[in-house]
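Data block below; observations after.
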Amino acid sequence: MIINTLLLVCVPAISAHMGMKFPTPLNYELNPHRGPSRPIDGNYNDPLKPDGSDYPCRGYAKLMGTREGVQVATYNAGGTGYFMLEPNSPAAKKKGGPHGGGSCQISLSYDRGQTFKVIKSFIGSCPKRSMDEEQKFNFTIPKEAPSGIVIFSWSWFNRDHEMFQNCASVNIKNGGSGISHLPNMMVANIGNGCDSPTWTTVDGVDKYIDLLYPNPGKVVEYGDGRYPLVLPSGKNCSVLPRPAV
């Protein structure tokens, strides 16, 4: 019991940084299309800036349509795929970890990050709570998703006042008529008036939570239910700030 208590108390002190490993993100150091003259981003698994100045995609959405934005994966509309997470990119300046989980969304953007449409929400246990577990997650590309080279976005909210987002260029084949009916990706903690819930300490006891998305869409995977689910506060949680240029 003493060991368990100490572990729980220490969780917030660990850097709660994670990043997408596959599909290989834009300007990620292992992306085969990254420009050799572009500086390596040693903070790739860091959250977005609180002022939203590097939203979306850590500022790399602008690489779409260039040599550095060539697709790294191909999916069929209606077909399945997976993404993988990691606590540290090879050049990471900080040691990361899953911070006991959180909630994630997978979204697609057809307009270089102006809008993101959610194709799946993971509520709780994303990332998986222990690094001993394989950080691999499955999804299905909607059959209505049009063909084209698009941004594949992974976004994550842990228990701190942060938003993480990594983006990859992917190719959708055999597409459909459109996904405008899908919900917008939740955006928070970057100056847009929406705030995700955070962990608290009451009488010396840490109280952990997982984010409950206000509009997760119809395709949802719930975690293990270990912690209460809490909605974000504020407004404009689906109103996207102006993309970085």
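Evaluated at q = 0.14 Å⁻¹, a Debye calculation over the C-alpha positions of the chain (equal weights, vacuum) places log10 I(q)/I(0) at -0.88. One chain, two ends: Val205 and Asn174. Fully extended at 0.36 nm per residue, the span grows by 5.9 nm beyond their Cα-Cα distance. Computed from phi, the 3J(HN,Hα) profile of region 63-75 under the Karplus parametrisation 6.51, -1.76, 1.60 (θ = phi - 60°) reads 7, 4, x, 10, 4, 7, x, 5, 4, 10, 7, 10, 10 Hz, with x in place of Gly and Pro. Would you mind telling me which residue in Val187, Val170, Val205 has the biggest mean-square fluctuation in a Gaussian network model of the chain, where springs connect alpha carbons within a distance under 10 angstrom? Top of the fluctuation ranking is Val205. Among 51-58, 149-156, the peptide with the highest mean count of other Cβ atoms within 10 Å heads the list, and the full ranking is 149-156, 51-58.
A simple rule links phi to the HN-Hα coupling: the Karplus curve 6.51 cos²θ - 1.76 cosθ + 1.60 with θ = phi - 60°, which for region 167-174 gives 9, 10, 8, 10, 10, 9, 10, 6 Hz, with x for Gly and Pro. Only DSSP H runs of four or more residues enter the estimate; each adds -39500 (n - 2.57), and after division by the residues of the chain the mean residue ellipticity at 222 nm equals -1000 deg cm²/dmol.
In this structure the chain gives 47 Å² per residue of accessible area when probed at 1.4 Å with all protein chains present. Exposed loop sites, defined as GluC sites (Glu not before Pro) outside DSSP H, G, I, E and B with at most 14 other Cβ atoms within 10 Å, are absent from the longest region of the chain, namely 1-132. Under a 5 Å amide H cut-off, with hydrogens placed 1.01 Å from N, Ile119 pairs with Ile106, Ser107, Leu108 among residues at least 5 apart or on other chains. For region 94-245, the share of accessible area belonging to carbon and sulfur comes to 49 percent (1.4 Å probe, ligands and nucleic acids excluded).
In the Gaussian network model of the chain, springs joining C-alpha atoms below 10 Å, which of Pro23, Pro90, Pro216 carries the largest mean-square fluctuation? Highest fluctuation among the options: Pro90. Phi angles of region 37-48 translate, via the Karplus equation with coefficients 6.51, -1.76, 1.60 and θ = phi - 60°, into HN-Hα couplings of 8, 7, x, 5, 7, x, 10, 4, 9, 8, x, 5 Hz per residue; Gly and Pro are given as x. Amide H to amide H, with H built 1.01 Å from N, Thr74 comes under 5 Å of Asn171, counting only residues 5 or more places away or on other chains. For the chain, a Gaussian network of Cα nodes joined below 10 Å ranks Pro197, Pro228, Pro47 by mean-square fluctuation, and the top entry is Pro228.
Taking amide H positions as modeled 1.01 Å from N, with prolines and chain starts lacking one, the residues under 5 Å from Lys207 and 5 or more places away or on another chain are Thr200, Thr201, Val202.
The values are calculated or read from the model by the stated rules, or taken from the named source; none is laboratory data. Here the structure is a predicted model, which means the values were calculated and not measured. Here Cβ is always computed from backbone atoms with ideal geometry, including for glycine, and neighbour counts include all displayed protein chains. Areas reflect the complete protein model, heavy atoms only, side chains present, ligands, DNA and RNA absent. Shrake-Rupley method; radii C 1.70, N 1.55, O 1.52, S 1.80 Å.
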